[in-house]
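Data first, discussion second: the structure below is written as structure tokens.
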Amino acid sequence: IFYDVEFGKVIDVLVGHEDAVSCLAWNSSKSIILSGSWDCTIKIWHNCISGSKIKVLECLMAQLDHDSKVMCLSLSR
């Protein structure tokens, strides 16, 4: 769930993980968001930015072969 803390409302919901999402990483220059979950997966999402809003368009890839919960992730060049 993407939550706007300034206005106190939900902006968007990513549907795809089968358990809690534990971490996110965002790369604005490549328009992708990575999500890591307790379901042992990492998903790569395509997004676009319209003004100050982020809209998630689709899941591009899922990495499914982790042996345990994904607790953190990071992006680099």
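The values are calculated or read from the model by the stated rules, or taken from the named source; none is laboratory data. These numbers come from a predicted model, not from an experiment. Cβ atoms come from the backbone with ideal geometry, glycine included; neighbour counts cover every protein chain shown.
Summary table below
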| item | result |
| --- | --- |
| Selection from region 37-65 of residues that are at pLDDT below 80 and assigned to a loop (DSSP other than H, G, I, E, B) | 51, 52, 64, 65 |
| Contacts under 8 angstrom Cβ, first residue in region 1-25 being within 23 Å of residue 75 (Cα to Cα), partner exposed (fewer than 12 other Cβ atoms within 10 Å of the Cβ) and of a type in the set (Ser, Thr, Tyr), 6 or more apart | 25/74 |
| Residues of region 1-30 classified as modelled with pLDDT under 85, outside any strand (DSSP E or B) and surrounded by 15 or more Cβ atoms within 10 Å (Cβ to Cβ), total | 2 |
